[in-house]
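The values are calculated or read from the model by the stated rules, or taken from the named source; none is laboratory data. Being a predicted model, the structure only gives us computed values, none of them experimental. Virtual Cβ from ideal backbone geometry, glycine too; neighbours counted across all protein chains shown. Heads up: the accessible areas ignore ligands, DNA and RNA and are worked out on the full protein's heavy atoms, side chains in. Shrake-Rupley method; radii C 1.70, N 1.55, O 1.52, S 1.80 Å.
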Amino acid sequence: MMMFKQLQVEHSLFHIDQDHIDLFKTLAAKWQTVFPDVYAKCLNTLDSWASVLNSWVFFKSQHTDELILNPSKAIYYSINTFLIDELKKIQIIQKIRECDNDDLQYFVAFQLGNAIDLWIYNTVEKSAESDLLELPEEKPYFLAYLEDDFQTDNASFHRDQTRAIKVLVQAIRTQNCFRIAVNNAVNRAIDMYEYHVIK
């Protein structure tokens, strides 16, 4: 299966180069027996892998000035930009970002990508906007900005982002479920890392 091999630089919300993609793919291959595949609840499988990639790059960005969020993508992908800002507020995430350990950051990125996907799915499913989950899963998410009609005819992408972000903001502002999901994912990743790497 190994869908992660299909990831491209364009899947990243950050300015990255091919070396970053290659390192990520090396880590994904190295730990494939531990993390065989993503959950893919909200997105197709490749985009779910791209979510893990973006989580990993987010952690790596703490250690270099070159890994910055792409401003044009940040505008289009408002859900992701909002969630990145929320992640920065969580203490355990700050500690993982400060750590310069590719393997540990991969473990956490994988668990975090899956946990956020599941959290979004569960949050939107319970809302009045649950029809957003019925969108065709074969449509690309992280490569949508490359489509010719993205800025003109594809207003539905932006409308759907707005509808979803309202639900997610409300959930984060009124409940503690996002922080709990993130903390649980990080703790699970650390436990797995200690078992598979440090043992």
Flagged pairs (Cβ under 7 angstrom, 6 or more apart or on separate chains; first in the stretch 45-73, over 19 Å from Y106 (Cβ atoms); second outside any helix (DSSP H, G or I) and open to solvent by 30 Å² or more (accessible area, probe 1.4 Å)) are E66/H15; I68/H15; N70/H15
Going through the stretch 90-117 in order, the residues found to be within 26 Å of I75 (Cβ to Cβ) and open to solvent by 60 Å² or more (accessible area, probe 1.4 Å) are Q94
task: Looking only at the stretch 48-60, decide whether some residue is at pLDDT below 95 and not in a helix (DSSP H, G or I).
output: no
Quick count over the stretch 68-90, residues being touching a strand residue (DSSP E or B) at 6+ places or on another chain (Cβ under 7 Å) and assigned to a loop (DSSP other than H, G, I, E, B), is 2
Expected single match for closer than 13 Å to Y77 by Cα and at pLDDT 90 or above among A164, A171, A181 is A164
Picking from F58, F82, the residue that is closer than 30 Å to R159 by Cβ and surrounded by fewer than 19 Cβ atoms within 10 Å (Cβ to Cβ) would be F82
(1) touching a residue at least 60 places away in the same chain (Cβ under 8 Å); (2) touching a strand residue (DSSP E or B) at 6+ places or on another chain (Cβ under 6 Å) all hold for F14 apart from (1)
Expected single match for acidic (D, E) and either part of a helix (DSSP H, G or I) or in contact with a helix residue (DSSP H, G or I) (Cβ under 9 Å, 6 or more places away or on another chain) (or both) among D22, D65 is D22
When every residue in the stretch 27-47 that is more than 17 Å from D100 (Cα to Cα) and not in a loop (DSSP other than H, G, I, E, B) is compared, the one most open to solvent (accessible area, probe 1.4 Å) is K30
